[in-house]
Amino acid sequence: MTTRTRGETVESRTAALWGLDLVPGYREVRQLGAGHTGRVFLATYQSTGAYVAIKYLNATLRRDTEFMDRFRSDTHHLVEIDEPNVVKFYEYIETSTRAAVVMELVDGVSLRTLLAEHGRTSPEAALAVLKSTLLALAAAHDKGVPHRDVKPENVLVQADGTTKLADFGVVVHAEEPGVPAGTPAYMSPELWTQHKSGPPADLYAAACVLFEAVKGRPPFRAYKEGEDGELDVPATRDKHLVEPVPLEVVPDTLRDLLRRGMAKDPAARYASARQFAAELEEDAVAGYGPDWEKRGRRHLAELATLLALRFPLARTDRDAGGSTITLRDRVMSLPRLPPHLWVAGATVVAVAIALVLSGGRLPPGPGAILMPPPEERSEPAPSPADVTTSGPSRTPQRTTAAPSATQAPQSPAGTPPASTPPPPPPTAGQAATSVPSPVVQAASIVQWSGTSGSIRVAANGTGPVRLRITYTQRDGDDGAARTVRQESRTLRGNTVYTSSVTHDPGEVACGRRAYFGILVMTEPASGNGPQVSEAAVDGPACPTPAPTDRSAPPVPTPTPTEERSTSAIGTPTPSAPEPANAPMTHLSTDPSTQPPAPLAEDPLPAPTDR
């Protein structure tokens, strides 16, 4: 029998899991990763086409009776958590041979990946991560569910700099006898000694993550001598139990937060995640000003989008027949699109988001990328020939846990979800006539030649959609892409738009090749993420240099003897002026501009030895 948990109901089904690792109702696309707790797959929810992530728990966890009993109990509460800083838990499915968790797909990278690539974050970015993590923990603790394994691997950073906490309750034992379940670098003293993994232990681990984000390493960690990076678990345990927190290496603003957040005695820590978050806000404002969180998220966005190739949806798309294709397939269909254009494009996405968060102001400083201000214009409603307006969609009854296009708006590129919920009603502060922002189902670059092209955007409503377009240029096959222009348009009044784009990149140098790229993103973000295309443009052939007239005799050069004899009479000899009829080389290839050739019968006078 199969048990399937949705909300507070558990229904029995006789249908077994289809295939080896397939959950009924979902269509798997590919594997995203694997770790100590299991394997994660990208999948689509067949009722709406929305993307989800499915995690299959490994055999070690399934054989742990204590873990399974606790996790089944937690799932009833996890599906009730509706907090933007928590990865949404849709449902839990278990059979005699499989256990799977269906979750919201977060199109981003883990904080662990970000730190591995960039080393560390700014203090404001680290505080932004901690604030989001604490709000996620507060929502779970209110339901009576501790996380039990807060660490950078479980913090997911999105392209806009926001973060989500994942994998509540999914924790394994370390491969050491007597060591409790958890990750040693983030385990609190009471977890080591008493195996207590409640909310105070979560706060301790969150403070450890703050330290690592700003310093690039955990506060307490030890390695075995003579081993290549193997963790010394007993030594790490002793550091957590007796060593003071190394506060002297962190910025002053963070010291009080770390001192109390990582107190050895649980009673000396913050009373709750909400109290921790409130004091964090006070210290951050005092230390970095009221806009600290915007700057922190901007920095996270810059770092995360530089890793855009690792986003789950960056490597997945659908062709016209509905078959899955990879990003490599799409890239290879473009004219010589190199991987580093995606890096440049990702940087552009980060800065575009930063402009929104900062109100258009980007103060210079570490991590800041300055760009020309976007050209703002409103896109007129396209003509009927260019626009296909979707008909009214049916609104399904929303269930407690089943993912919908609103919960997970990442729909396959070019394939809107089968059904979409109506846009939310206007808030009390909005005018009754205002149109709410729709869900942008897909954006695509229909055509791009390097100077002109068209973009198509599909949404589920007629509300305003901001279209951001960035033009890039790369000189030569190995040149670095740079941003040359950015513009922004507002689309409204339809559900499908075709927008023309033009760009004058200027002349390409003779004998050279340049690549002109375009990067497209929308606000709200489209379900298929940022779109990039590039076209190669060759410059004209370089002119052939004019031949040099060699009919004139060479100009003789004075010999050393001549120079000495001249100097002997005390008269400095300046450099001999070039004869008026000496041959000259001009850049111009027009024969009319060339000087006349010297006459053969007019020889140059020979120098006289005085």
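The values are calculated or read from the model by the stated rules, or taken from the named source; none is laboratory data. Note that the structure is a prediction, hence the values are computed from the model and not measured. Heads up, the Cβs are rebuilt from the backbone with ideal geometry, glycines too, and the neighbour counts pull from every protein chain shown.
Key figures for this structure:
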item: Given (1) over 25 Å from LEU309 (Cβ atoms); (2) surrounded by fewer than 21 Cβ atoms within 10 Å (Cβ to Cβ), number of the condition GLY119 does not satisfy; result: (1)
item: Positions within the range 497-540 being of a type in the set (Asp, Glu) and surrounded by fewer than 20 Cβ atoms within 10 Å (Cβ to Cβ), in sequence order; result: ASP504, GLU507, GLU523, ASP538
item: Test: residue in the range 174-192 that is small (Gly, Ala, Ser), buried (at least 24 other Cβ atoms within 10 Å of the Cβ) and under 22 Å from GLU281 (Cβ atoms); result: no
item: Yes/no for VAL209 being of a type in the set (A, V, I, L, M, F, W, C) and not in a helix (DSSP H, G or I); result: no
item: Residue count, the range 212-237 (criterion: in a helix (DSSP H, G or I) and in contact (Cβ under 8 Å) with a residue 60 or more places away in the chain); result: 4
item: Residue in the range 154-165 that is outside the structural domain of GLU91 (by TED's automatic domain parsing), in contact (Cβ under 8 Å) with a residue 40 or more places away in the chain, in contact with a helix residue (DSSP H, G or I) (Cβ under 6 Å, 6 or more places away or on another chain) and basic (Lys, Arg) present; result: no
item: Matching residues, the range 27-69, being in a helix (DSSP H, G or I) and either surrounded by 14 or more Cβ atoms within 10 Å (Cβ to Cβ) or at pLDDT 90 or above (or both); result: LEU61, ARG62, PHE67, MET68
item: Flag for ARG485 being in contact with an Asp or Glu (Cβ under 9 Å, 6 or more places away or on another chain), at pLDDT below 90 and surrounded by fewer than 21 Cβ atoms within 10 Å (Cβ to Cβ); result: yes
item: Those residues of the range 105-124 which are hydrophobic (A, V, I, L, M, F, W, C) and either touching a strand residue (DSSP E or B) at 6+ places or on another chain (Cβ under 7 Å) or not assigned by TED's automatic domain parsing to the domain that holds THR163 (or both), in sequence order; result: LEU105, VAL106, VAL109, LEU111, LEU114
item: Flag if GLY261 is surrounded by fewer than 17 Cβ atoms within 10 Å (Cβ to Cβ), under 28 Å from GLU117 (Cβ atoms) and in the same structural domain as VAL179 (by TED's automatic domain parsing); result: no
item: Any hit, the range 247-255, residues being of a type in the set (A, V, I, L, M) and surrounded by fewer than 18 Cβ atoms within 10 Å (Cβ to Cβ); result: yes
item: The lone exception for THR498 - which of (1) β-branched (Val, Ile, Thr); (2) out of contact with any Pro (no Cβ under 7 Å at 6 or more places or on another chain); (3) under 18 Å from PRO464 (Cα atoms) it fails; result: (2)
item: Any pair with Cβ under 7 angstrom, 6 or more apart, that starts in the range 53-72 at a residue that is aromatic (Phe, Trp, Tyr) and ends at one that is assigned to a helix (DSSP H, G or I); result: PHE67/LEU61
item: Lone qualifier among VAL172, VAL214, VAL179, VAL157 - being touching a strand residue (DSSP E or B) at 6+ places or on another chain (Cβ under 8 Å) and at pLDDT 95 or above; result: VAL157
item: Condition broken by ASP232, with the remaining ones in (1) over 18 Å from LEU137 (Cβ atoms); (2) among the acidic types (Asp, Glu); (3) under 29 Å from the mean Cα position of the chain (by Cα) satisfied; result: (3)
